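Trainee: Encoded as structure tokens, here's the structure I'll be asking about.
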Amino acid sequence: MAAFTVLVLKIAFLAILWLFIVLIAAVVNSDMVGRRQKRHRGTPPAPLPAGETTPSAPPPAAPKPHKRGKREPWVLAMDSGLHAGDRLQLVPEVRIGRSEACELVLDDDYVSSMHAQLSHQGDGTWVLKDLGSTNGTFVNSQRITDPTVVGTQDVIRIGNVQMRLET
């Protein structure tokens, strides 16, 4: 009976050890390749149950194109890292990370595949959002967890790279 118990414990230990190894491999893979994100744009709406019709509502008005003000930042100045000294022209939505799918690719070991997103708002402001990065996104040396409005006076740090908005 004791030999059987020892055998069961050995098998259980090996199973737990392999489970641990598989979990480590999954974490390393998600860090190297990136997390899969659900895409909400372009997905068709769910069909209505039989007999129901859509309510007749007017179509939403098309958003007015935003005209850039003279003092509105549209340039991202890189202060450190491989791109130090560069000034990058911004588009309305910039994903920042190591992945080639990002608009701004940072080759830094402390930057996640999809690290952060910088988005232009209709009122002329820029909002920085951390995309669940491992090492965090910082504005003025403060780690942000919620979308944060950034301006020309703010220093943004992603990994070891510092950057700022310019007009």
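The values are calculated or read from the model by the stated rules, or taken from the named source; none is laboratory data. As the structure is a computational prediction, the values presented were derived from the model and not from experiment. Cβ: placed from backbone, ideal geometry, glycine included. Neighbour counts: every protein chain shown. Remember, those area values only see protein heavy atoms, side chains included, never the ligands or the DNA or RNA. Shrake-Rupley method; radii C 1.70, N 1.55, O 1.52, S 1.80 Å.
Trainee: Please count how many residues of the range 97-111 are within 17 Å of Leu76 (Cα to Cα) and touching a Lys or Arg at 6+ places or on another chain (Cβ under 8 Å).
Mentor: Selection size over the range 97-111: 6.
Trainee: For Ser113, all conditions in the list (1) over 19 Å from Asn29 (Cα atoms); (2) of a type in the set (S, T, N, Q); (3) surrounded by 14 or more Cβ atoms within 10 Å (Cβ to Cβ) hold save one; what is the number of the exception?
Mentor: Of everything listed in (1) over 19 Å from Asn29 (Cα atoms); (2) of a type in the set (S, T, N, Q); (3) surrounded by 14 or more Cβ atoms within 10 Å (Cβ to Cβ), Ser113 misses just condition (1).
Trainee: Which one of these does Thr137 not meet: (1) polar (S, T, N, Q); (2) modelled with pLDDT of 95 or more; (3) surrounded by fewer than 17 Cβ atoms within 10 Å (Cβ to Cβ)?
Mentor: With respect to (1) polar (S, T, N, Q); (2) modelled with pLDDT of 95 or more; (3) surrounded by fewer than 17 Cβ atoms within 10 Å (Cβ to Cβ), Thr137 is out only on (3).
Yes or no, residue by residue, for (1) among the small types (Gly, Ala, Ser); (2) at pLDDT below 85; (3) part of a loop (DSSP other than H, G, I, E, B); (4) more than 30 Å from Gly136 (Cβ to Cβ):
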{"position": "Ile21", "(1), (2), (3), (4)": "no, no, no, no"}
{"position": "Arg41", "(1), (2), (3), (4)": "no, yes, yes, no"}
{"position": "Pro45", "(1), (2), (3), (4)": "no, yes, yes, yes"}
{"position": "Pro49", "(1), (2), (3), (4)": "no, yes, yes, yes"}
{"position": "Cys102", "(1), (2), (3), (4)": "no, no, yes, no"}
{"position": "Asp108", "(1), (2), (3), (4)": "no, no, yes, no"}
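Trainee: Given the conditions (1) outside any strand (DSSP E or B); (2) under 18 Å from Arg164 (Cβ atoms), report the number of the one that Leu76 does not fulfil.
Mentor: Of the numbered conditions (1) outside any strand (DSSP E or B); (2) under 18 Å from Arg164 (Cβ atoms), the odd one out for Leu76 is (1).
Trainee: Let me ask something else about it. Kindly provide the set of residues from the range 142-167 that are in a loop (DSSP other than H, G, I, E, B), open to solvent by 40 Å² or more (accessible area, probe 1.4 Å), in contact (Cβ under 8 Å) with a residue 12 or more places away in the chain and closer than 18 Å to Ala77 by Cβ, ordered by number.
Mentor: Selection gives Thr152, Val155, Asn160, Thr167.
Trainee: Here's something else I'd like to know. Inspect the range 74-97 for any residue being buried (at least 19 other Cβ atoms within 10 Å of the Cβ), among the acidic types (Asp, Glu) and at pLDDT 90 or above and give the result as yes or no.
Mentor: Within the range 74-97 (the criterion being buried (at least 19 other Cβ atoms within 10 Å of the Cβ), among the acidic types (Asp, Glu) and at pLDDT 90 or above), the answer is no, since none of the residues qualifies.
Trainee: Kindly check whether there is at least one residue in the range 3-15 that is more than 28 Å from Thr134 (Cβ to Cβ) and at pLDDT below 50. Show your work before the answer.
Mentor: To start, the set of residues in the range 3-15 that are more than 28 Å from Thr134 (Cβ to Cβ) comprises 3-15.
Those still in the list that are at pLDDT below 50 too: none.
Looking through the range 3-15, none of the residues is more than 28 Å from Thr134 (Cβ to Cβ) and at pLDDT below 50.
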